[in-house]
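Enquirer: To start, I am sharing the structure in question, which I have written as structure tokens.
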Amino acid sequence: MAEKEQYQVGESPESNGHHNAEAFVSASGKGTKASALAEASDLYGNIDEAERYGYVTRGLKSRHIQFIALGGTIGTGLFLGIGSAFTRAGPLSVLLGYTGTGLAIFAMMQALGEMATWLPLPGSIPQFCARYVDDALGFAVGWNNWYSNSITLCAEISAAAVVIQYWEGARDINVGAWIAIIMVLIIFLNIFAVSIYGEAEFIFASIKIITIVGLLIMAFIVDLGGGPKHDRLGFRFWKNPGAMKPYIAGGDTGRFLGLFSVLVNAAFSYGGVELVAVAAGEAENPRKNIPKAVRRVFWRILFFYVLGSLAIGVLVASNDKNLLSAQESGAPGAGRSPWVIGIQNAGIPVLPSIINAVILTSASSSGNAFLYTGSRYLFALAQNRQAPRFLLKCNKKGVPIYCVSITASIALLTFLSVKEGGPAKVFEWFQNLTTIASLFTWCSICVAYIRFHKALAAQGVDRNTLVFKAPFQPYLTYVALVFFAIIILFNGFAVFTKGRWKIDDFIVAYVGIPIFFALYGFWKIFKWTPFIKSADADITTGKAVLDAEEWPEQVPRNVLERIWFWIA
């Protein structure tokens, strides 16, 4: 009660709590329940509602944010999903496809980083769309993101069930048991405190980063003849069977179609890269830590995906009989990973089981992350009054308990994979469904940024004064928007070619489009929401309290701390 009275002293009707929220957080200090209440009251318009529901806390430290950003780009797509693109299109197509998509992701993330640094809100993307473009777009993006993350949670749990079956002893145990164990673990990491989630992601990301660095070094050594067989590989597999494999058609047309087909796989692999902006609302010192993470997106993409796809291309042939057989039969876990096939061909023992364990860790990590992001998108929808207000309820540790519980319940769909041969098929379906949802999210981020850019100009805000100013904007964002839109429209092109029509494939490729526009149309008609003019866009609500918060500067005491502070 004392906190409430302190906050309301001198409050005027005109301030609507914003001025006092700023004074309150300055007096209360950082990272406290009082500062969380101040943020909530600034957004909700009154402290009574903030006290009734509670609010998320800024419990993610700098190292959590940096490693969430690093590990968030390394999922099962880099270890497993890349294999199907590799056997279908060849090493050069995979390299070009992942590089091209990575550059578009870089452009989009720079735009998102600028918005998230200006106003770091929990589950921020639907809020940006609702504030800067149209309330209906915020509704569509929010629910599309929630469904996308919920389904991706299923995909990652399904992938983990596939991975576990790599070991012979695990094959005799019902898949449902593994699904249940993984679900319980993921829920445990999300339900108590955001700091527990942050610590788990820090550990998971560390394992994934060490593994991918080790794999890149191993690939370099094996390629130069340093493996047990002392066979210098060079780029022999780029000559035979070839750098670019034709797909569907022959000649240059077939090679182009093979390259284009890689883009959908690449989009799935990059899915979740926007996680760092979702976590901005629970990050300590977001004005420093978010730009730090976003600025490194380019190097993460270059190191993990460009060098990763290049390494696969020199380790194993795209027509390797073991890899093709594993892909066709849906071999469990590392059995169908091109990394593992390459390691086996090089004659290196033990490593395949280690890689399989890391892939299992990666799938669990991704599932953990998508439960977190899905719950925060639902929380953001409730903040926008586009979902029931009871979803705003947070426990004493600042976790939106109902949002986490409802999102976790969707994971029960993963039990569809308990029948024999089910996990691989379910994973494939979930992968395709979530790819298109992710692309719509990225398109919406681009549209929101274009409107944000115009709103800053219309309201007299000089971008040179921003804490983080994205380069070459808004031009890079326009390019990324067109790139993502093309993939959405043509991702299912194969079903329209002669002899390849399958109604199931068509639905999986394009069902995401009517889902998104149905969500947008429903809210547009139901609320008759107008398009927001640049001069009227809300770029300030919630900003005063964040501007008032002060965070201590980290001063390294020695060389080791200086290196660690640079990394994390």
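The values are calculated or read from the model by the stated rules, or taken from the named source; none is laboratory data. What you see is a predicted model, and the numbers here were worked out from it, not measured in a lab. Note: ideal-geometry Cβ built from the backbone for every residue, glycine included; neighbour counts use all protein chains shown. Calculation scope for accessible area: heavy atoms of the full protein, side chains included, ligands and nucleic acids excluded. Shrake-Rupley method; radii C 1.70, N 1.55, O 1.52, S 1.80 Å.
Enquirer: Out of all the residues in segment 242-252, is one or more farther than 15 Å from residue 67 by Cα, loosely packed, with under 15 Cβ neighbours inside 10 Å and in contact with a Pro (Cβ under 9 Å, 6 or more places away or on another chain)?
Expert: yes
Enquirer: Pick out, from segment 467-568, the helices (runs of 4 or more DSSP H) lying fully within it that include 3 or more residues that are modelled with pLDDT of 90 or more.
Expert: 475-490, 512-527
Enquirer: While we're on this one: Which helices (runs of 4 or more DSSP H) does segment 20-117 wholly contain that include 3 or more residues that are small (Gly, Ala, Ser) and either surrounded by fewer than 24 Cβ atoms within 10 Å (Cβ to Cβ) or at pLDDT below 65 (or both)?
Expert: Filter on segment 20-117 gives 33-44.
Enquirer: Where residues in segment 214-223 are aliphatic (A, V, I, L, M) and within 12 Å of residue 313 (Cα to Cα), which of them is surrounded by the most Cβ atoms within 10 Å (Cβ to Cβ)?
Expert: 219
Enquirer: Could you grab me the full set of residues in segment 501-520 that are in contact (Cβ under 8 Å) with a residue 24 or more places away in the chain, over 16 Å from residue 145 (Cα atoms) and of a type outside the set (Ser, Thr, Tyr)?
Expert: Correct list: 508, 509.
Enquirer: Suppose the filter is in contact with a Phe, Trp or Tyr (Cβ under 8 Å, 6 or more places away or on another chain) and either touching a residue at least 24 places away in the same chain (Cβ under 8 Å) or open to solvent by 10 Å² or more (accessible area, probe 1.4 Å) (or both); does residue 168 pass it?
Expert: no
Enquirer: Could you identify the single residue in 271, 258, 281, 226 that is more than 23 Å from residue 60 (Cα to Cα), buried (at least 17 other Cβ atoms within 10 Å of the Cβ) and not aliphatic (A, V, I, L, M)?
Expert: 258
Enquirer: Sticking with this structure for a sec: Would you check which residues across segment 119-165 are in contact with a Cys (Cβ under 8 Å, 6 or more places away or on another chain) and open to solvent by 10 Å² or more (accessible area, probe 1.4 Å) and list them?
Expert: 137
Enquirer: Taking residue 178, is it open to solvent by 20 Å² or more (accessible area, probe 1.4 Å), at pLDDT below 90, in a helix (DSSP H, G or I) and among the aromatic types (Phe, Trp, Tyr)?
Expert: yes
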